[in-house]
Every structure is written in structure tokens, then in C-alpha cells.
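Pasting a structure below so you can have a look.
The values are calculated or read from the model by the stated rules, or taken from the named source; none is laboratory data. Here the structure is a predicted model, which is why all the values come from computation and not from measurement. All Cβ positions, even for glycine, are placed from backbone atoms using ideal geometry, and neighbour counts span all protein chains on display. Remember, those area values only see protein heavy atoms, side chains included, never the ligands or the DNA or RNA. Shrake-Rupley method; radii C 1.70, N 1.55, O 1.52, S 1.80 Å.
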Amino acid sequence: MNRGERGRREYEGLMGHGPEEALGEVLRTSPQMFEAVVEGAFGGALARPELSRRARELASVAIIAAMGGAERRLASHVRGALRQGVEPSELLALCEHISVYAGFPRALDALAVVNGVLEEQGGAKPPRTHRVALADHETVVAQKGEHGPAVILSHSLGVDWRMWEPVMERLANGRRVFAYDFRGHGAAAGAPRPFTMDDLAADLLGVLDAFDVDRAHVVGLSMGGGIAQTVAVRAPERVASLALLATTDHAFDSFEARARSGEADGMEAQIVPTLTRWFTPAALATDPWGVRYARERIRRFDSADWAAAWRAFRGVDVQGRLTGEDFPTLVLAGELDASTTPEIMSGIAGRVPGSTYRELPGTPHMQTLERPDLVAEALDDFLPADR
Ligand SMILES: O=C(O)CC1=CCC(=O)O1
């Protein structure tokens, strides 16, 4: 392969189309410059394997945005970055990052370009976020959808509201969907430790209060499902329906060991046992956004908060206490869940009279991060909407 061919191949690999498409005018009016870009840049420095294509596109967006004044090229690399699997929310965070080093004028122009490309591609935009004061701390609440029944999404231990982002757009069609960060997680700040399942359940109700929601459809995954069940037992009048994803109604012996390991070994040591419990080998090998997001959340988690969360989860005390009388319940298991296995999940369904049990094929513990399509479809079927 000569340098020209390598440049063309790299350009197509990064951008998803040949250089003539975006640089046709350059080719017509300055073949020398076209050659310098394709052969010299894309066949040279930009083809080096040390940087992944994803890292390269993120770097290109940051450099061009920080320079300013090259908005057409910036838009082209924003499209390239999205093609390389960079998420819209990562591009928005990058614009904030640019504001720190290159100042607001360039960051604001970059933000306008990013928003323009997202608009043109018609994909899901990141939800609106609110800071909300709860009884003893503050947290962040993401919202999609402005009308229809309220749905509250309760995330799993060690991550934050963003684990719901892949399903929020679809759920928000005819619904008001809220996802928030638990105390000790994500962007929540100032909560005292230790804390209990009752504190976590009170926080969910506090979020509903902050948005004047009397009754909501409560959806929880993993520890979020434990919190959802605690709310349903303590305040059934606030629950319009309950969807339990990859969760448990009783504590596992391993919870205390996980708390101690966080304290003794640190968070880096939690990555392998946790991610291999949460994802399929195929996802771990291909490293999509969901795996990268979960890995990064664990790596950056505070080990004292990690231990506090596992100890709170030990207090889950809801087995046999859901009567099935006040609202419909969906129990959604993942066929390949190594943590809350289909046996555990069908056991829960068996203890909630009238509940519906569904098993998602090929799906591991982190259902929304690996199979958001299946989760969104199942929840969309179950939850009422104003359409
Ligand atoms: O396995 C996990 O990391 C999380 C988990 C254990 C029980 C549950 O509901 O979630």
C-alpha cells in the first residue's frame, strides 16, 4: 500500500466516506493541497497506530475547536468522532473542557458546532439536568420528556444516572422520565455516611417531591431495584407500577466482602470482578461505550462510598413483602446475568402475585448498557404513555 492509498484508507476509516466528499472543492481547485492532506497528513501522522481512531477524532475536535475559526473542519471531525463511537455527552463535556484551556468564545463556538451536527443527525440529545436539594444533600436529576406519566429510573451500585441514557429517549415518547444520582454516587454531593436502604428510598421520594410528582412508575436495576422495592413496600401510594431489572429481594453473602475489598484493595482491584459479573465476554472484548463508562465509573469511585453502598444494600429487606395488589409489577431478567441470575429473578416474580416475568435473550446484568434496545422495548410495552 503506498502512502496515498494508506491516506485514503485512513480517511475513510475515520470519516466513513472518501476524502473527495468533504474535500471535493480542494481537489478541484488545489490538487496539491488535496494530496498534501490525504497523503501527507492522513497517510502520515494521522495513520500512526499509537492513537486509536476514537482518541484521534477526540483530539482533532479539541485541537480545531481550541484554535477557533475552522468551524467547517470542526463539524467534519465532530461527525468523525460520533462515527468512532464518541457519545454526544462526551462531546458536550469536551466543549466544557475546552473552555478551561482555550476560553469561552472558542468553547461556545465549538458547542454550537456540536449541537448543529447532533441536530443534523437527528439522534438522541443528552437529557436536561437539574440540581436538586434533598433532605441532607444535593443531587443531579436528568429529565427527558415534558408530558405524560412520570417514570423514575433508579440506577445500580457504582455507576450513576447515565446508565439509563441509552433508553431514555425511547421511554420519553409520551412520558416524563427522570433519572437521578444516588447519595454517594455520580454528581450527588454532601451526603453523610453511613447510609441505609431507607435513606436511599427516601431520596427517590425526595426527587419525586422536587418535581411535584405524586405517583410514578418506578424502574430499578440491580441495587436500584432493591431501592425501588423498598419504596414500594414503604410508600405503595407513590408507586404507579414497578419494573424490577436484574435485581434481588434479599442480600447476598458477597456484599460485605465487596465492601471490605473496596476498603482494603482500592477501586482498581474492583474492575475485573465487577465488569466480568456485569457484561458478556463479547462486550468486554469489543469495549463499547457501556463498558468504558462502567469501567471509568468504578475506577473513579470513592472506596469509602463503595463500601457504604454495599453495606446499605446488605439491609435490603423486602422479600415476600410485595403483595402485588396496589400496582402492576414487571420482573425483567437477563438470560446471561451472572449476578442476579434468571433463577433469582424468577424467584422474585414467584413471590409477587400477579407479576409478569420476562427474560431478555443474550442479556447480562447491565441490561441497559449492553442491550438497551431490548430493555427499551420491554419497558415501552409495560409502561403507559400519553401519545
Ligand atoms: O453483582 C453486582 O454487582 C450487583 C448486584 C448484586 C445483587 C444485585 O441486585 O445487584
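From T363, T368, grab the single residue that is under 12 Å from A243 (Cβ atoms), open to solvent by less than 20 Å² (accessible area, probe 1.4 Å), within 16 Å of the ligand (Cβ to nearest atom) and in contact with an Asp or Glu (Cβ under 9 Å, 6 or more places away or on another chain). Full working, then the answer.
Details: T363 fails: under 12 Å from A243 (Cβ atoms).
Residue meeting the stated conditions: T368.
Here's something else I'd like to know. Go through the range 318-339 residue by residue and tally those that are on the phi < 0 side of the Ramachandran plot and in contact with a Ser or Thr (Cβ under 8 Å, 6 or more places away or on another chain).
The initial filter retains those residues of the range 318-339 that are on the phi < 0 side of the Ramachandran plot, namely 318-319, 321-323, 325-339.
If we keep only those that are in contact with a Ser or Thr (Cβ under 8 Å, 6 or more places away or on another chain) too, we end up with 318, 322, 327-331, 333-339.
Counting residues in the range 318-339 that are on the phi < 0 side of the Ramachandran plot and in contact with a Ser or Thr (Cβ under 8 Å, 6 or more places away or on another chain) gives 14.
Every residue in the range 160-189 that is acidic (D, E) and touching a Pro at 6+ places or on another chain (Cβ under 8 Å), please. Write out each step before concluding.
Our first condition is that a residue be acidic (D, E); within the range 160-189, this holds for 160, 165, 169, 181.
Matches in the range 160-189: E165 only.
Moving on. Let me confirm something: among G148, G174, G186, which residue is open to solvent by 10 Å² or more (accessible area, probe 1.4 Å), within 26 Å of D326 (Cα to Cα) and more than 16 Å from the ligand (Cβ to nearest atom)? Steps first, answer last, please.
Values: G174 fails: open to solvent by 10 Å² or more (accessible area, probe 1.4 Å); G186 fails: within 26 Å of D326 (Cα to Cα).
Sole residue among the options that is open to solvent by 10 Å² or more (accessible area, probe 1.4 Å), within 26 Å of D326 (Cα to Cα) and more than 16 Å from the ligand (Cβ to nearest atom): G148.
Find the residue count for the range 348-387, including only residues that are part of a loop (DSSP other than H, G, I, E, B) and of a type in the set (A, V, I, L, M). Steps first, please.
In the first step, residues of the range 348-387 are kept if they are part of a loop (DSSP other than H, G, I, E, B); the result is 352-355, 361-366, 371, 383-387.
Now drop any that are not of a type in the set (A, V, I, L, M), which leaves 352, 366, 383, 385.
So the count comes out to 4.
Output the number of residues of the range 207-229 satisfying the condition of being assigned to a helix (DSSP H, G or I), touching a residue at least 60 places away in the same chain (Cβ under 8 Å) and either open to solvent by less than 20 Å² (accessible area, probe 1.4 Å) or of a type in the set (S, T, Y) (or both).
Going residue by residue through the range 207-229, those that are assigned to a helix (DSSP H, G or I) are 207-210, 223-229.
Now drop any that are not touching a residue at least 60 places away in the same chain (Cβ under 8 Å), which leaves 207, 210, 223-229.
When the remaining residues are screened for being either open to solvent by less than 20 Å² (accessible area, probe 1.4 Å) or of a type in the set (S, T, Y) (or both), the result is 207, 223-229.
Going through the range 207-229 one residue at a time, the tally reaches 8.
Right, another one. For the range 182-191, indicate whether the set of residues that are assigned by TED's automatic domain parsing to the domain that holds S339 and closer than 18 Å to T247 by Cβ is non-empty.
If we filter the range 182-191 for residues that are assigned by TED's automatic domain parsing to the domain that holds S339, which is where we start, we get 182-191.
Cutting the leftovers down to closer than 18 Å to T247 by Cβ gives us 182, 185.
For the range 182-191, residues assigned by TED's automatic domain parsing to the domain that holds S339 and closer than 18 Å to T247 by Cβ: present.
If you take the residues in the range 262-281 that are among the small types (G, A, S) and touching a residue at least 12 places away in the same chain (Cβ under 8 Å), which one is nearest to the ligand (Cβ to nearest atom)? Break it down into steps so the answer makes sense when it comes.
First, the residues of the range 262-281 that are among the small types (G, A, S): 262, 264, 266, 269.
Checking the rest, the ones that are also touching a residue at least 12 places away in the same chain (Cβ under 8 Å) come to 262, 266.
Values: G262: 12, G266: 17 Å.
Ranking the qualifying residues of the range 262-281, first place goes to G262.
Another question, if that's okay. Quick one: which residue in E120, E165 is assigned to a helix (DSSP H, G or I), within 20 Å of the chain's Cα centre (by Cα) and charged (D, E, K, R)? Can you show your working first?
On the way: E120 fails: within 20 Å of the chain's Cα centre (by Cα).
So the residue among E120, E165 that is assigned to a helix (DSSP H, G or I), within 20 Å of the chain's Cα centre (by Cα) and charged (D, E, K, R) is E165.
Name the single residue, out of those in the range 236-261 being of a type in the set (D, E, K, R) and more than 30 Å from R215 (Cβ to Cβ), that is farthest from the ligand (Cβ to nearest atom). Lay out the reasoning, then the answer.
At the first step, the residues of the range 236-261 found to be of a type in the set (D, E, K, R) are 237-238, 249, 253, 256, 258, 260.
Those still in the list that are more than 30 Å from R215 (Cβ to Cβ) too: 253, 256, 258, 260.
Details: D253: 11, E256: 12, R258: 7, R260: 15 Å.
Out of the qualifying residues, it is R260.
For the range 1-89, please list each of the helices (runs of 4 or more DSSP H) lying entirely inside it that holds at least 3 residues being surrounded by 14 or more Cβ atoms within 10 Å (Cβ to Cβ).
Working: elements: 3-15, 19-29, 31-35, 53-67, 71-83.
Where helices (runs of 4 or more DSSP H) fall fully within the range 1-89 and carry at least 3 residues being surrounded by 14 or more Cβ atoms within 10 Å (Cβ to Cβ), they are 3-15, 19-29, 53-67, 71-83.
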